[in-house]
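See structure below.
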Amino acid sequence: MRVNDANEQSSRERASQRMARVADRTAGAVGAARSVAQGRVLTHEGVLALQRAAGNAAVGRLLARQPTTPASEDDLMDPFELTPEEEAQIEARAAQAKIDMRERVLAALEGGAGVGFLGRLRDLPWGQRRILQADQEFWARVRKRISGLAVWAVQVALQYGTRSPSQVDALRAAVHEGNWLRTRQLIMAYPDLKAVEGLRAVITHRFDARQAQDILAVIAEGGRRWEAGARSYQEAHYEAGTLVKFTGTRDYELVRLNTQLRVIVKIRLQDDPSNKAAAISDKAVARWEDGINRRWNGKFRLRNGANTLDVWFLPIFVYREGAVHHTVNVLPGEGGRSSEHQWHESDSADTAAHEFGHMIGNPDEYNLPGSMAEIPASMGLSDAEKRRSSWEGLTGKPAAQTNEGYDMTNLMGAHYLDASVRARHGWDVLEVFNAHLRRPGENAWTIELKK
Ligand SMILES: [Zn+2]
C-alpha cells in the first residue's frame with residue numbers, strides 16, 4: 001500500500017510554514033546584528049546574534065557559501081553592508097545551495113543501493129533537515145525509489161536527526177515488527193509520539209484495517225492526564241519472628257477518558273550490575289505483562305452515581321534511558337526473594353502482579369501484626385498506614401500478637417493461595433483521581449470490583 005499522500009502533503013505544508021516562521025525570526029536577528037556592526041561595536045552578543053541568525057537561516061548566506069563546513073569568523077562578519085544586488089546574489093546562492101545539498105544527499109539513494117542514505121540524513125544539521133522536510137522535489141524523488149516503512153524511516157530521520165528520544169526508537173521497532181499491541185501501548189503512554197511525522201500513514205500501511213483503525217483511534221483520543229508523582233509509604237510485617245518496617249514507592253500516571261481511567265506505569269527493567277549475562281528475556285517480560293494484565297485488568301470500576309469508569313492498568317516496560325515511574329533491577333534465575341524494585345528472571349506472573357501492586361501504592365498483606373497497637377510508634381507509620389498494614393485494620397477485628405503474623409488471602413497477601421485483588425487495592429488510584437481529575441461540581445468517586 002502506498003503511503004497516504006494527502007497526509008504527507010499536509011505535513012509538508014506544516015514544515016514550510018515552520019520554515020517561514022524561522023525566516024521571519026532570522027530577519028529580525030540579522031537586522032539586530034547589522035546595527036551592532038554598523039556602530040562598529042562588535043560585542044560578544046552581536047556575534048552570538050549572528051551565529052544564531054546564520055544557524056537558523058538554513059536558507060541563508062552561510063549555507064550558500066559553505067554548505068559542508070562550519071562557519072568561520074569571516075563568514076559572520078560581512079552581511080552588514082549589503083546592497084540589494086548583493087542580497088539578491090546571496091539569495092540565488094542560497095537557492096543553489098539547497099539544490100546542491102539535496103543532490104548530495106540523494107546521491108546515496110539514487111547512486112548506490114541506498115547505503116548510507118539514512119545516516120547521511122540523520123547527520124545533517126537541524127536547519128538542513130528542515131529544508132529537506134519541506135522540499136517537494138526531494139520527496140518526489142525519494143518516493144520513486146522507496147515506499148512504506150522506508151519512507152517513514154526517512155521522515156523520522158529528518159525529524160529527529162541523530163537524537164531520537166528512546167520512545168521514538170521503541171515505536172519504530174514496534175511498527176517495523178508489526179507489533180500492534182506494543183505500538184498502541186507506546187502511543188498511549190507517550191502522547192508526544194502523536195507528533196511523529198508520517199505516523200498515521202505508516203500505521204495504515206503496516207497494520208491490517210482493524211488494527212490500524214484501533215491505533216488511529218488511540219492517536220485521536222484526548223483525555224486529561226495526571227502524574228501521581230513518586231510518594232513513599234510505610235508498612236510493617238513479620239520477618240523471621242521480628243516485626244520489620246518496609247518502605248514502598250508508588251508512582252504512575254492517570255489518564256481520564258470518557259469511559260475509562262487508564263493507569264500507566266512505566267517500568268524500566270535493567271540488568272542488575274552483578275549479572276554476568278543478561279537476565280531479561282522476552283519470555284520473562286511476556287510472562288510478567290501477562291500476569292499484570294490478568295490480575296489487574298477488567299477488575300475495577302470507578303463509580304459516581306450512574307456514571308462509571310473502567311480502570312485499565314497499562315504496564316510499559318522500557319529498557320533505555322528516559323523518564324520512567326519505576327526502575328527494576330533484574331537478577332538471573334530464581335535467586336532469593338523479589339521485591340518492588342528487584343525481580344528475578346524466573347519470577348512468576350503472579351509475583352510480577354504482586355510487585356506491580358506495590359508500584360500503585362499497596363503494602364504487603366502477609367505476616368501482618370494482629371493489631372494496630374502492635375506496631376511501635378518508633379516505626380513512624382501513620383494511622384492510615386497502620387490500618388493498611390495490620391490484621392485489625394483490614395478485617396476490623398484485632399488478633400492476638402504472634403511472632404509470625406497473619407496472612408490475608410489475596411494478591412497482596414498469600415498470593416500463592418489466591419491471587420485476586422480487592423477493591424481497596426485501588427485506593428491510591430482513587431485518591432489521586434479524586435484529588436486531581438474530578439470535574440468541577442463532581443462529587444467524590446468511589447471504587448468497586450466489577451462483578
Ligand atoms: Zn510484597
Open item on the list: Which order do the peptides 435-445, 286-296 come out in when sorted by mean C-beta neighbours inside 10 angstrom, highest first?
Closed with: 286-296, 435-445
Task: Farthest toward positive dipole pole in segment 244-339 [+1 Lys/Arg, -1 Asp/Glu at C-beta], among Gly336, Gln260, Val318 - done: Gln260
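For the pair Thr242 and Asp310, what calculated FRET efficiency results from E = 1/(1 + (r/R0)^6), where r is the Cβ-Cβ distance and R0 = 45 Å, to the nearest 0.05? Don't jump to the answer; show the numbers that get you there.
On the way: r = 42 Å, r/R0 = 0.93.
It comes to 0.60.
Can you give the extra length, in nm with one decimal, that the chain gains between Glu81 and Ala113 once fully stretched, where that is 0.36 nm per residue apart less the Cα-Cα distance?
On the way: separation 32, 0.36 × 32 = 11.52 nm, distance 4.66 nm.
Value of the extension gain: 6.9 nm.
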Task: Amide H contacts of Leu257 (H built 1.01 Å from N, under 5 Å, at least 5 apart or other chain) - done: Arg262
Open item on the list: I need the phi-derived Karplus couplings for segment 350-361: 6.51 cos²θ - 1.76 cosθ + 1.60, θ = phi - 60°, integer Hz, Gly and Pro marked x.
Closed with: 6, 5, 4, 5, 5, 5, 4, x, 5, 5, 9, x
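At a 10 Å Cβ-Cβ cut-off, how would you order Ser274, Ser420, fewest neighbours first?
On the way: Ser274 9, Ser420 12.
Ordered by Cβ neighbours within 10 Å, fewest first: Ser274, Ser420.
Just need the relative contact order of segment 226-449 here, percent rounded to a whole number, with Cα pairs under 8 Å and 6+ apart.
Values: 478 pairs, mean separation 53.4, N = 224.
Dividing the mean separation by the residue count of segment 226-449 yields 24 percent.
Would you please put 163-174, 81-92 in order of how densely packed they are, using the mean number of other Cβ atoms within 10 angstrom per residue and starting with the highest? Can you show the working numbers first?
Details: 163-174: 17.2, 81-92: 11.7.
Output ranking for 163-174, 81-92: 163-174, 81-92.
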Task: Distance between segment 179-233 and segment 375-443 - C-alpha centres, whole angstrom - done: 33 Å
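Here, each number is a calculation from the coordinates, and none is a lab measurement. Please read these numbers as outputs of a predicted model, since none were measured by experiment. Neighbour counts are summed over all protein chains in view; Cβ atoms, including those assigned to glycine, are modelled from backbone coordinates with ideal geometry.
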